[in-house]
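The values are calculated or read from the model by the stated rules, or taken from the named source; none is laboratory data. The structure presented is a predicted model; accordingly, all values stated were derived computationally and were not measured. Counting neighbours? That spans all protein chains shown, and the Cβs are built from the backbone with ideal geometry, glycine included.
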Amino acid sequence: MSVTLKDIAKKANVSISTVSRVINNDTAKPASKDTADKIWAIVKEMGYTPNQSARKLIKGEDNTNPIPSSKAIGCIFTSTKDTYNDPFYSQIAVGIQEVISKKGYVLAFNYSSYDTSFSALYNNLSAYPVEGIIVLGRFDNETLKFLKNNFNNIVYAGVNYVNGGFDEVICDGYKGTIVAIEHLIKLGYNKIGFVGETPIIDDNKVINEHRFEAYRDVLGNYNIPYTEDYIVSSPLATKEAYINMKNYLQNTTKEKLPRAFFCANDVTAIGAMKAIRESNYKIPEDIAIIGLDDIEMSSFVTPSLTTIRIPKKELGKISAKILIDKIESDREIPIRVDVPFELKERESCSINNKKA
């Protein structure tokens with residue numbers, strides 16, 4: 001039995017019109033923040049899905065010639081604000097678009113939910129009827145619950161396992177990190193730092209970062225001591241990595257610096273490299289750098305960046321094929337595809353005969 005506005009209003013102890021104003025983002029007669037938050041919590045809990053045709057008629061929108069939902073899919077990017085200019089996710093999007101076009105499908109929406117409220121996410125995703133969605137990037141449990149309540153066909157693509165009960169296409173960032181750091185160890189480095197996101201506490205629960213976990217695990221496997229002094233905590237973005245690395249270098253003496261850094265992705269590595277050069281250190285003579293992604297820019301920076309290649313376009317293609325298979329078949333059991341990565345050796349690391 002489907003959930004109605006009346007059901008939500010009853011549970012929230014408000015009028016149906018109040019629920020409608022909140023869900024439809026009525027700025028002319030907005031509800032209080034407490035009331036809106038309460039209603040959205042109930043919407044998520046009950047898994048309410050609006051009737052799109054009715055919503056369009058109420059709003060006076062043109063409902064003629066809608067995209068047939070059986071031939072429309074959506075794409076949600078949860079870890080980037082600018083999908084088209086992001087060097088990692090834009091390539092995944094290219095792969096998705098290539099496949100769905102050949103299969104006769106259309107992209108109903110290509111939505112970035114990064115740094116937006118749940119109400120904005122809800123209204124954007126419920127505005128278009130689609131047969132399935134592809135999700136890229138991390139998301140919290142509330143968003144996961146909303147997606148599963150509102151979409152029958154979901155594929156997740158990325159570098160971290162989600163285990164959300166739906167299809168996944170993964171290029172394992174945990175294993176890729178291990179290969180990257182083992183490469184540094186084989187070159188002779190044993191003072192290895194980390195640049196990227198570190199575990200955070202949210203609602204009294206620790207949210208782990210798979211690449212950081214891999215960093216700590218591989219050091220332990222090789223009996224290399226872990227030290228907080230070698231950690232540069234930073235968002236996975238060029239500017240932020242540059243600022244955080246610059247601050248780190250200004251507050252750390254040369255003698256206490258690690259001789260190599262693993263950066264959690266390539267845009268982070270590029271920002272860190274700029275900070276290192278501006279601080280009068282040479283790469284790789286003073287500090288070696290290795291990344292993870294192999295975005296196009298990585299082979300053009302000076303020195304060129306050693307990194308783990310993630311086949312981004314292929315992630316998108318495989319994700320789209322699996323989603324369309326799920327839509328067109330009666331398959332109920334979720335599947336997982338592991339896409340291989342590759343070490344790309346370039347100039348930012350060098351053979352270091354002395355332990356460093």
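Can you give me the number of residues within the stretch 318-329 that are surrounded by fewer than 24 Cβ atoms within 10 Å (Cβ to Cβ) and either of a type in the set (A, V, I, L, M) or under 30 Å from V195 (Cα atoms) (or both)? Lay out the reasoning, then the answer.
We begin by selecting, within the stretch 318-329, every residue surrounded by fewer than 24 Cβ atoms within 10 Å (Cβ to Cβ); these are 318, 321, 324-329.
Subset that is either of a type in the set (A, V, I, L, M) or under 30 Å from V195 (Cα atoms) (or both): 318, 324, 327.
Total meeting the criteria: 3.
Looking at the structure I just gave you, is I308 at pLDDT below 95 and touching a helix residue (DSSP H, G or I) at 6+ places or on another chain (Cβ under 8 Å)? Please lay out each step first, then the result.
On the way: at pLDDT below 95: no; touching a helix residue (DSSP H, G or I) at 6+ places or on another chain (Cβ under 8 Å): yes.
Criteria not met by I308.
Does the stretch 288-307 hold any residues that are more than 17 Å from the chain's Cα centre (by Cα), surrounded by 24 or more Cβ atoms within 10 Å (Cβ to Cβ) and of a type outside the set (S, T, N, Q), and which are they?
Within the stretch 288-307, A288, I289, I290, L305 meet the criteria.
If you scan the stretch 273-287, which residues turn out to be over 26 Å from the mean Cα position of the chain (by Cα) and of a type outside the set (D, E)? Please lay out each step first, then the result.
Within the stretch 273-287, the first condition is being over 26 Å from the mean Cα position of the chain (by Cα), and the residues that meet it are 276-287.
I276, R277, S279, N280, Y281, K282, I283, P284, I287, listed by residue number.
Inside the stretch 217-240, can you point out the residues that are closer than 21 Å to I178 by Cα and assigned to a helix (DSSP H, G or I)? Working first, answer last.
Let us first name the residues in the stretch 217-240 that are closer than 21 Å to I178 by Cα, namely 217-236.
Scanning the stretch 217-240 gives D217, V218, L219, G220, N221, E228, D229, Y230.
How many of the residues making up the stretch 311-346 are more than 30 Å from R277 (Cα to Cα) and in a loop (DSSP other than H, G, I, E, B)?
Within the stretch 311-346, the subset more than 30 Å from R277 (Cα to Cα) is 313-340.
Filter again for in a loop (DSSP other than H, G, I, E, B), leaving 329-335, 339-340.
Total satisfying the criteria: 9.
Mind telling me which of the residues I308, I289 ends up being farther than 16 Å from G193 by Cβ, in a strand (DSSP E or B) and in contact (Cβ under 8 Å) with a residue 24 or more places away in the chain? Break it down into steps so the answer makes sense when it comes.
Working: I289 fails: farther than 16 Å from G193 by Cβ.
One residue alone meets the criteria, I308.
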